[in-house]
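Novice: Dropping a structure here in structure tokens format, bear with me for questions.
The values are calculated or read from the model by the stated rules, or taken from the named source; none is laboratory data. Because the structure is predicted, anything quoted here is derived from the model rather than measured. In this analysis, Cβ positions are derived from the backbone assuming ideal geometry, glycine residues included, and neighbour counts consider all displayed protein chains. Just so you know, the surface numbers come from the protein's heavy atoms only, side chains and all, with ligands and any DNA or RNA stripped out. Shrake-Rupley method; radii C 1.70, N 1.55, O 1.52, S 1.80 Å.
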Amino acid sequence: MSRCLLVSNRLPVAFNSTLNIFTPSSGGLVSAIKGLDSSKVGFDFEWMGIMTDDVDVEKINSLRTTPVGNLPSHPIIVPKKKYDLYYNEYSNNVLWPLLHYERSMVHNSQDGWEAYKEVNQLVADAIVQEARDDDTIWVHDFQLFLVPGLVKDKRPNLKLGFFLHIPFPSSEIFRELPQRKEIISSLIRCDLVGFHDLSYLNHFRSSVQRVLGEIPSNDRMWGVYPISIDSQHFLDLRNKPETLEFIHKYKENKKEMKWILGVDRLDYIKGLLLKLQTFKEFLKRFPEERGKVQLVQIVIPSRTEVPEYQDLKQQIEQLVSSINGQYGTPAYTPIHYLYHSVSEAELSALYQLSEVLHIGSRRDGMNLVSLEYIMSQTEEEPGVVLLSEFTGAHSTLSYAVSINPWNIKDTVIKLREALHHPLSKRKEEIGAMRDFLTHYNSSDWAKVFLRDLVREPVVTDTTLTL
Ligand code: G6P
């Protein structure tokens, strides 16, 4: 089998300096790549990602010798100060908000951009050094937009694909970016660029046209490849002894209570404040549901050094406590709020026990939590997915209940209906989505992308929809 070098900002583990150990990374990109099955995709994968130089060298070297998960990894060492500017100031403070339509959150930074260029160069150099001529290079996500161009400068014949895990916004937004030309000029040098959704591809195409004044002749090298999850893994998790233990424990407390579940990284794109306001409105509008329905909201810490994320955490916690204060009783806490990640077994138990999953993202590249929830449902008592129309998954999961998270009044009604949705309908809807995901998992996603990358595709839209 030929080798495919997966390249991303993150490796599947991150160094936790407080505990002095590596802990699993979170986020859509990592969870999808972790599930890839080499034999099914037809490539031997190796993973290149960044580690900062404040981590003990011996520890970093241990990553080189002991594969993390099932993949050999190649840490690329970057000075910590440079990394912070590249990651926090440019990637997370400029690109992330702009590409998610959060223009008021964008803080342009020249230092951030300089560091972004330097770190992309370090990553490109590492690829140029590591890659054999017959390797396939697959670069992931917005932190590494400049890598394709920099690699192609030195190794024009290397097969190189790029996948964007977040939305590509309207050209009306993208063209505000001071560095728009550098980014577009790099991406068009790829042999294939993939997006989750046709709308992202269309926005990209119009940005290329507006920024460069023309569409290059290789524009058929752009395609739509919605990501998926390791579906079988989530099916299997349902009956693991640890999962069953959690189910047993929670069932005792839950009794007849209905659960609306939320699982989101702490990020303004996830619409957490809107979701909390919606639940508050639900309790106000339907007093008969008080004491019978709880929101279980898991918030996974993320980008904790960015001030906007710290402010958001405070706002969320204030709102949770004011709702609990207003509608709680000694016997009833409306919102169970957890600010930490949970184990896979616990997550599977929560997925199985919740009547509704509420995804209220303001914008979200794909949203893999919705897919995980579907694969975790039982045949006997499946739940309902409330899914923001501003997620990439919305194009794939046509049996989910579609919501506009900004329309609180309408979402409250849909939430109520979802809680009382007939069992036969739930079985039909979750069943259809589960059948689809069983036949389209993360390995299928990678296989189709890599097939088109090495084959030079003629189709631009391979969207798979129910
Ligand atoms: C999304 C992005 C990834 C990112 C992840 C977590 O899935 O597409 O590129 O890695 O969020 O964010 P973080 O900044 O913690 O890596």
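Novice: A 22 angstrom limit on the alpha carbon distance is what I want to check against. Which of Lys254/Lys425; Lys249/Lys292; Lys81/Lys159 exceed it?
Specialist: Over 22 Å Cα-Cα: Lys254/Lys425; Lys81/Lys159.
Novice: Relative to the longest principal axis of the C-alpha atoms of the chain, give the angle of the C-alpha long axis of helix 198-212, reported between 0 and 90° and rounded to the nearest 10°.
Specialist: In the chain, helix 198-212 runs at an angle near 40 degrees to the longest axis.
Novice: Between region 25-44 and region 300-358, what is the C-alpha centre distance in whole Å?
Specialist: About 28 Å separates the Cα centre of region 25-44 from the one of region 300-358.
Novice: Further question on the same structure: Ordering Lys292, Lys59 by how much accessible area each has at a 1.4 Å probe, largest first, what is the list?
Specialist: Lys292, Lys59
Novice: Give the separation of the Cα centroids, region 97-141 to region 266-280, in Å.
Specialist: Measuring centre to centre over Cα atoms gives 30 Å.
Novice: Only sites in a loop by DSSP and with at most 15 other Cβ atoms within 10 Å count here; which GluC sites (Glu not before Pro) in region 72-135 make the cut?
Specialist: The qualifying sites: there are none.
Novice: What is the local net charge at Leu63, summed over the other residues whose Cβ is closer than 13 Å to its Cβ (Lys, Arg +1; Asp, Glu -1)?
Specialist: 0
Novice: Might you work out the accessible area of Lys427 for me, using a 1.4 Å probe with all protein chains in place, and round it to the nearest 10 Å²?
Specialist: Approximately 90 Å² of Lys427 is accessible to the 1.4 Å probe.
Novice: Then there's this: Quick one: order Arg10, Arg64 from most to least accessible surface, probe 1.4 Å.
Specialist: Arg64, Arg10
Novice: Can you pull the accessible area of Glu176 for me, 1.4 Å probe, Å² to the nearest 10?
Specialist: 90 Å²
Novice: Can I ask one more? Across region 181-186, in residue order, what do the Karplus-derived ³J(HN,Hα) couplings come to in whole Hz, using 6.51 cos²θ - 1.76 cosθ + 1.60 with θ = phi - 60° and x for Gly and Pro?
Specialist: Here the 3J(HN,Hα) series is 5, 4, 5, 4, 5, 6 Hz.
Novice: Continuing with this model, one more query. Taking the chain as the region of interest, what is the percent of Cα-Cα pairs per 10 angstrom bin, listed from the shortest bin to the one with the maximum distance?
Specialist: Once binned at 10 Å, the Cα pair distances of the chain give 4, 20, 31, 27, 14, 4, 0.
Novice: So what are the radius of gyration and Dmax for the Cα set of region 278-370, in Å?
Specialist: 14.5, 42
Novice: Please list, by residue number, every one of the GluC sites (Glu not before Pro) in region 256-336 that is coil in DSSP and has at most 14 other beta-carbon atoms within 10 Å.
Specialist: In loop regions of region 256-336 (DSSP not H, G, I, E or B), the sparsely surrounded GluC sites (Glu not before Pro) are Glu256, Glu305.
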